[in-house]
1. If I ask for residues that are aromatic (Phe, Trp, Tyr) and out of contact with any helix residue (DSSP H, G or I) (no Cβ under 7 Å at 6 or more places or on another chain), which ones from the stretch D:47-100 would you list?
2. Would you mind finding the one in E:211, E:177 that is within 11 Å of another protein chain (Cβ to nearest Cβ), hydroxyl-bearing (Ser, Thr, Tyr) and under 26 Å from residue F:221 (Cβ atoms)?
3. Can you find even one residue in the stretch B:91-112 that is free of Cβ contacts under 8 Å to residues at least 60 places away in the same chain, hydroxyl-bearing (Ser, Thr, Tyr) and surrounded by fewer than 20 Cβ atoms within 10 Å (Cβ to Cβ)?
4. If I filter the stretch D:191-204 for residues that are of a type in the set (A, V, I, L, M), within 7 Å of another protein chain (Cβ to nearest Cβ) and without any contact (Cβ under 8 Å) to a residue 12 or more places away in the chain, do I get at least one hit?
5. Just to be sure, is residue B:68 without any contact (Cβ under 8 Å) to a residue 40 or more places away in the chain, in a helix (DSSP H, G or I) and within 28 Å of residue A:112 (Cα to Cα)?
6. Considering each residue of the stretch E:165-181, count those that are buried (at least 16 other Cβ atoms within 10 Å of the Cβ) and over 15 Å from the mean Cα position of the chain (by Cα), and give that number.
7. Within the stretch C:163-170, identify whether any single residue is of a type in the set (Lys, Arg), more than 20 Å from residue C:136 (Cα to Cα) and within 14 Å of chain A (Cβ to nearest Cβ), and answer yes or no.
Number of protein chains: 6
Amino acid sequence: MRKNNRKNNELRELKITENFTTNAMSSILIEYGNTKVLCTASIENKVPLFLKGQNRGWLTAEYQMLPTATEKRTKRESQQGKQSGRTVEIQRLIGRSLRAALDFELLGEKTITIDCDVLQADGGTRTASITGGYLALEKAIEKLLETKELEKNPLKSKIAAVSVGKVNGEVLLDLDYSEDSIAEVDMNIIMNNKNEFIEIQGTGEGKTFVYKDLLDFIEISKNAFDLLFLL
Amino acid sequence: MRKNNRKNNELRELKITENFTTNAMSSILIEYGNTKVLCTASIENKVPLFLKGQNRGWLTAEYQMLPTATEKRTKRESQQGKQSGRTVEIQRLIGRSLRAALDFELLGEKTITIDCDVLQADGGTRTASITGGYLALEKAIEKLLETKELEKNPLKSKIAAVSVGKVNGEVLLDLDYSEDSIAEVDMNIIMNNKNEFIEIQGTGEGKTFVYKDLLDFIEISKNAFDLLFLL
Amino acid sequence: MRKNNRKNNELRELKITENFTTNAMSSILIEYGNTKVLCTASIENKVPLFLKGQNRGWLTAEYQMLPTATEKRTKRESQQGKQSGRTVEIQRLIGRSLRAALDFELLGEKTITIDCDVLQADGGTRTASITGGYLALEKAIEKLLETKELEKNPLKSKIAAVSVGKVNGEVLLDLDYSEDSIAEVDMNIIMNNKNEFIEIQGTGEGKTFVYKDLLDFIEISKNAFDLLFLL
Amino acid sequence: MRKNNRKNNELRELKITENFTTNAMSSILIEYGNTKVLCTASIENKVPLFLKGQNRGWLTAEYQMLPTATEKRTKRESQQGKQSGRTVEIQRLIGRSLRAALDFELLGEKTITIDCDVLQADGGTRTASITGGYLALEKAIEKLLETKELEKNPLKSKIAAVSVGKVNGEVLLDLDYSEDSIAEVDMNIIMNNKNEFIEIQGTGEGKTFVYKDLLDFIEISKNAFDLLFLL
Amino acid sequence: MRKNNRKNNELRELKITENFTTNAMSSILIEYGNTKVLCTASIENKVPLFLKGQNRGWLTAEYQMLPTATEKRTKRESQQGKQSGRTVEIQRLIGRSLRAALDFELLGEKTITIDCDVLQADGGTRTASITGGYLALEKAIEKLLETKELEKNPLKSKIAAVSVGKVNGEVLLDLDYSEDSIAEVDMNIIMNNKNEFIEIQGTGEGKTFVYKDLLDFIEISKNAFDLLFLL
Amino acid sequence: MRKNNRKNNELRELKITENFTTNAMSSILIEYGNTKVLCTASIENKVPLFLKGQNRGWLTAEYQMLPTATEKRTKRESQQGKQSGRTVEIQRLIGRSLRAALDFELLGEKTITIDCDVLQADGGTRTASITGGYLALEKAIEKLLETKELEKNPLKSKIAAVSVGKVNGEVLLDLDYSEDSIAEVDMNIIMNNKNEFIEIQGTGEGKTFVYKDLLDFIEISKNAFDLLFLL
């Protein structure tokens, strides 16, 4: 039995708080159950060196867990002098996923930075970051359109993400930490609202999975995306 | 006129949210007006090398601003590969101040880490961190006493902090960012509830102040401490 | 038309050179066409801190490109003072994939390090690293069994990897750099020789893919794995 | 009894050696008893990024202890890969204090760097650095006026610093290391020669102090400043 | 007796493989017995800051050992966050030595980077790097002349290097690791084909050598250089 | 003509100040003309990991230039986050040279650290560091013998160093910066007082030298060593 009698294909309680902080262009506090991530979007009127002079924009993402987001305090990366491999891997995934939402020629020479700071971690921080990060991106684009800093909407589609996994032989949607830590397989699915995949990452972490598992994972995620695209 | 018709000797609205996050031993979200700092306390049953074998404990503090806590996004320190000088200076101040609250022999061979993560900055983040950090410390000690991990209460006194300053010739309590950025002088006062000073730091940052200013600063802070020690 | 009249479902020419270097426990120079990766395995009779005293072993992987492996020289990471995000992401993938090959209780308190140094890059360096890294692992285990440093074989299965992608609407196996750089979608598939998935990573990098693409990708990879498991 | 029968309100023997080194614009070897700090001033005709195009100058300070300045050798920061928190805190204090001496519009687009290298430490290295740093600054300005690189003198006042503290209940001026290490309170006072405060930092480091102590500290520092402004 | 009945004044078997990799401007895999170094040359049409606007070029070298080049795996420098002292010292030597081959005015505003990556180490990696690095330089210059990117040949002479040493009282040429590790003295001699010295570095590493040793070292190196300049 | 009518084979004025600082085991301020280096020796009763349990000691050296030691201020290495290549190369040379003076079995499980801090640089800082470092070492050993921390004297010989070079075709001893910066060749010779070489490093830095130069360099250094071993 899952916590709170949750069904296998049921998301945890979702909560979106807009403007929890107000200095960024937009700010979304997203909660998937006990996982809380503060996602913000910031805009700069310049692009990285490799894009200079091409009339195209860019989006980059940064991810971080507060030291006490986890049950056992983790060391602060700024004190370690570098980001952990896990952090680097996750923020690259968030960036790639959200870049799929944008037409960079319509954006013009702007860089959007999505900051995802995990205040509390209970499984699924990367999928919460992508879903929350997309919402922050959407709000920021709305403001740029309102203030005429953008003429045309560069958003091509909505983006959202869910994790699915297999625990004791059962396929489960949106694993919390207690499930994730004993999962046989774990897959992150990132889709847009045109029923297209942005990225799929499935890993057995020492275990394996078969073709049917893959199809089941995709199947069970469908209702979740319907719900997430209503946000 | 100050924002919201605030009087010169009036604190901004104070708000304390307990257990905003739940994985640390204790967690306090403290707000001084628009300044929001998440303060948590974590405990480890070991001490730094320099204290080994002395039957004494230790307290250390870490401070960080989220990149979008400020009006203009600041770079993430974990990406820069080191903490800024400002961060280092502030977390040393928080640590020294809160160490004054504890009898380390009663604490025994434990290290308490106070994490102060600034979610939103509007002036006074270091004083909010000290006041909030003390409250997180107090809650953590309560839990250790309840669970009998501590026999005797190692807290010697309550600690709180306020900033005072001089703007356009007027002495003001608890400066927000709009006031702080044009202040002639800025002083952080850290006291305990026995009417003793823990630390005083007054700086003109390019300007100067006189003896009478110093006395005025201390005078105006008095009511604030009465109020803060009721938290 | 692909280079050298290669068919869509055809691997590039594979070449395996054993003992290209001789100081590690085993050494494999693997070539997928012009992609050349030197993969070695080293063994230490100790485990990372988090595994101490559990009678279990560990496997870790490191990946690096020589500066002139690429058409345009890339900066040396040891001079930059840190590994790039791309490097970190890839070496984590190699490590996770190869850990799926081992029964760590049978391995005992040993750490195996797989070093994958890319001498020349022409697309598919991560899949070449996994396939070559597995072969180096296999050779090292053989030696440990011969010298009786291991009593029982800890290998649970063979592991190999291929990349697949979609270029101009066609599904292609084993993309070279000229194909990869214009691919609409790119997927790395890591399998064992029991027809089980170890990891799947599919990314549109700004583009998207649909359900049918996913099934096509898996289909086209099948013959390649048959071939790779003969190595 | 203090060493050498020093009275409670007496400075240690002060010694100023000009031009101990000759490559910087100016060089002062300052000694407060056994504390020896080499302070130099260097000038560049450019300003930090944040000041570009404002016709204003800047002053920055760097502080460092030689490894064998202390009784027990301390590790070299360049080998540790970063400056210690203590170093960062002190050099920020020196910089803020000396910036109060200058009219940056009169200085124009120049950056002055004050280097304070502690050759031997016996307490009071930060106050010696400020007093010595000011003298190096004064000499450098004199040379710039002589060579007409500056038209008008940008110095607004002289700056000096002393430490005061309380040891065994007695208020003492200019603590040496043996006194500092057992002090109940320690305060650094930085003033200009117009009887104005530049910065005050008082800390109990685990102990506390009361209002009367604060007034006593300021009182006992007065004669010292009279003397220091004669340098 | 030396391995393979090698005579005291005999080089190990030399092997040069051109174009082992093909992305750099030129690539040489050089082998002195079991020592294998991949040397490549890359060209950029710009110069370091300190040479800007002088119509002169530059050459710089980088050296690295793969982790498993040595008998006992060495840690990867990119993971340590910095190059070892040994690496830094060697790459500075390679750079200085090869700069002696070039007329930088004829080269014009170009920077040549020589990368020396040690795939397998069996003594003499620095001399193999210099000799192989020179050959890569020569090939790169040939290509630049062919493509008319250079009008005149900037090479002033050929450069090569050998190590000599004294083991059990005997003077030996081209020490392998088993000899080097017990050598009393070790000298690296770098010469050009005009019988001029580029650099000499002789070190006893805790032992000493006398005048006659120095003369013997130079004498025994002569035949080697004759041979190396035929490469 | 050399400055101060110095002859080609004449050292600059040498000045040795003992106990310029007093916290290290020994301290020597050595001056070769305007080059001033503070050399100290510190002792710890432990050895590096690679020597544990062998009843042998070790000596290590660290070298650093103060930022204003040079005519143009150089950046502080602790702020850059790493030591420069030049610094690393020099401190390795100092360490190797001074290790030749010691019988490490007689020293026992102790580590001696020689710190060479260049207060002012006018050419020849590495040779001044070695000569001064040796003197600091000698004084430290004397103290250890006096206090019976050592029973037998582990010093095998005296060590000193000089630089020689060729400027406008003339062979010169002990080059100052004005000579060094235009030298065709530059050689550092390190010897002991038994007429044995410890290390020789000759470099043309883009230029070359011939056999006769080498013999001349050694010849001209002879008188200097006679003088240096009287220190």
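1. Of the residues in the stretch D:47-100, the ones aromatic (Phe, Trp, Tyr) are D:50, D:58, D:63.
Within the stretch D:47-100, D:50 is the sole residue that qualifies.
2. Details: E:177 fails: under 26 Å from residue F:221 (Cβ atoms).
Result of the check over E:211, E:177: E:211.
3. Initially, the stretch B:91-112 is screened for residues free of Cβ contacts under 8 Å to residues at least 60 places away in the same chain, giving B:91-92, B:94-95, B:99, B:102-108.
Of the ones still in play, those that are also hydroxyl-bearing (Ser, Thr, Tyr) are none.
Within the stretch B:91-112 (the criterion being free of Cβ contacts under 8 Å to residues at least 60 places away in the same chain, hydroxyl-bearing (Ser, Thr, Tyr) and surrounded by fewer than 20 Cβ atoms within 10 Å (Cβ to Cβ)), the answer is no, since none of the residues qualifies.
4. If we filter the stretch D:191-204 for residues that are of a type in the set (A, V, I, L, M), which is where we start, we get D:191, D:198, D:200.
From what's left, within 7 Å of another protein chain (Cβ to nearest Cβ): D:198, D:200.
Now drop any that are not without any contact (Cβ under 8 Å) to a residue 12 or more places away in the chain, which leaves none.
Checking the stretch D:191-204: not a single residue is of a type in the set (A, V, I, L, M), within 7 Å of another protein chain (Cβ to nearest Cβ) and without any contact (Cβ under 8 Å) to a residue 12 or more places away in the chain.
5. Yes; evaluated as a whole, the condition is true for this residue.
6. To start, the set of residues in the stretch E:165-181 that are buried (at least 16 other Cβ atoms within 10 Å of the Cβ) comprises E:165-167, E:171-177, E:179-180.
Imposing the further condition that a residue be over 15 Å from the mean Cα position of the chain (by Cα) reduces the set to E:165-167, E:171-173, E:176-177, E:179-180.
Qualifying residue count for the region: 10.
7. Initial filter on the stretch C:163-170 (of a type in the set (Lys, Arg)): C:166.
Right, trim to more than 20 Å from residue C:136 (Cα to Cα) and you get C:166.
With the extra rule that they be within 14 Å of chain A (Cβ to nearest Cβ), the set shrinks to C:166.
Within the stretch C:163-170 (the criterion being of a type in the set (Lys, Arg), more than 20 Å from residue C:136 (Cα to Cα) and within 14 Å of chain A (Cβ to nearest Cβ)), the answer is yes, since at least one residue qualifies.
Let's see how each residue does on (1) touching a strand residue (DSSP E or B) at 6+ places or on another chain (Cβ under 7 Å); (2) outside any loop (DSSP other than H, G, I, E, B); (3) open to solvent by less than 40 Å² (accessible area, probe 1.4 Å):
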{"site": "A:140", "(1), (2), (3)": "yes, yes, yes"}
{"site": "A:149", "(1), (2), (3)": "no, no, no"}
{"site": "A:163", "(1), (2), (3)": "yes, yes, yes"}
{"site": "A:183", "(1), (2), (3)": "yes, no, yes"}
{"site": "A:191", "(1), (2), (3)": "yes, yes, yes"}
{"site": "A:202", "(1), (2), (3)": "yes, yes, yes"}
{"site": "A:215", "(1), (2), (3)": "no, yes, no"}
{"site": "A:220", "(1), (2), (3)": "yes, yes, yes"}
{"site": "A:225", "(1), (2), (3)": "yes, yes, yes"}
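The values are calculated or read from the model by the stated rules, or taken from the named source; none is laboratory data. All values reported here derive from a predicted model rather than from experimental measurement. Positions of Cβ are backbone-derived with ideal geometry, glycine not excepted, and every protein chain shown enters the neighbour counts. The accessibility values were calculated without ligands, DNA or RNA, using every heavy atom of the protein model including side chains. Shrake-Rupley method; radii C 1.70, N 1.55, O 1.52, S 1.80 Å.
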